[in-house]
Amino acid sequence: MADREPRPATVWSRPERGARGPAPERSRAQITEAALALADADGLAAVSMRALAQRLGTGPASLYRYVGSRDELLDLMADAVAAELDLSGAEGGDWLDGLVGLALQSRAAHVRHPWLADLNDRRGEVLGPHAIDYLDHALGVLAHAPGTAAQKLEAIGLVGALAALFARREAAAAAAGDPPGRAAQAARLAAVAAEGRHPHLLAALTSAGAPPGAGPADRDALFVRLLRRLLPAMLGQEPA
C-alpha cells in the first residue's frame, strides 16, 4: 500500500506552545481576539504583526511564538468568525429552511465583520476546525436534499458568496447614504422604459410594481427570496 501524502501543515497542526521555553504570556485565542478588534475597527489592511503587538503591549517578535506568519493569523481570524455561527439546529428538518437559516447567520457575520469578504477573497485560504464543522453541518442539513455531493458543495459555496455580496452592498449603501441614489436609478429606468424602445424592460417593471425599499426588512426578504429560488434549482429539485 502506497504511503499517504502528509497533510499540509497549518497553525492548528502545531501545539500552541513548544515543550521548552518560558511559559506563554497569552494564548492564540487572545491574539486572535485582538486581531479581530483591529480589523473591525480599521479594516483588514490594519492587521499587521507590528500593529497587533502594539495593541497587546508586546514586541512583534514575541507573536511569532504563537503564529508563524500574518497568513496564519488571518486563518485564525477566519475560523474565529466561523465559531460565531450557531450549529445547534437539528439536521433532520426541511433542508431549504435549514440552509437559509445558515445563510442568514453567515450574512450577519459578514455585516459584523465587514473585512471578512476581503479575507475570503484570499487565495489559498485554509479551512480551520470551526469552518470544517460548519461545512459538515451544512452537508448534514442537505443530507435529504436532492442533488449530488458536488452540487451540495456548490450550493453551500453559493450561500457564502451571496452572504458576502449582500453584506458588501449593505455596507456600501450605509457608507454612501444610498437611498436617494436608488430612487434616482429606479426613476431613470422607469423613464427609459416608458419611451417604448425597451418593451421587455417595461413589461418587467410593470409586473414588479413599485421598487422595494432599502430597509433591513426589504434586504432580508430579497436575500431569502433569492436563496429559495436558486438553491432548489442548483440541486435539481422540481418546482412545486
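The values are calculated or read from the model by the stated rules, or taken from the named source; none is laboratory data. None of the values given here were measured: they were computed from a predicted structure. Don't worry about glycine lacking a Cβ; one is built from the backbone with ideal geometry, like all the others, and counts go over all protein chains shown.
The table below gives the values:
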quantity	calculated
Inter-residue pairs, beta-carbon under 9 Å, first in contact (Cβ under 8 Å) with a residue 40 or more places away in the chain and charged (D, E, K, R) and in segment 29-54, second loosely packed, with under 14 Cβ neighbours inside 10 Å and assigned to a helix (DSSP H, G or I), 6+ apart	Asp40/Arg112
Number of positions in segment 26-78 that are closer than 18 Å to Val11 by Cα and of a type outside the set (Phe, Trp, Tyr)	32
Number of the condition not met by Ser88 [criteria: (1) outside any helix (DSSP H, G or I); (2) among the hydroxyl-bearing types (Ser, Thr, Tyr); (3) in contact with a helix residue (DSSP H, G or I) (Cβ under 6 Å, 6 or more places away or on another chain); (4) closer than 30 Å to Ala221 by Cβ]	(3)
Tally of residues being part of a loop (DSSP other than H, G, I, E, B), of a type in the set (D, E, K, R) and farther than 17 Å from Trp115 by Cβ across segment 28-85	1
Test: Arg65 is surrounded by 14 or more Cβ atoms within 10 Å (Cβ to Cβ), under 25 Å from the mean Cα position of the chain (by Cα), at pLDDT below 95 and among the basic types (Lys, Arg)	no
Hits in segment 112-156 - residues which are out of contact with any Leu (no Cβ under 9 Å at 6 or more places or on another chain), at pLDDT below 90 and assigned to a helix (DSSP H, G or I)	Asn120
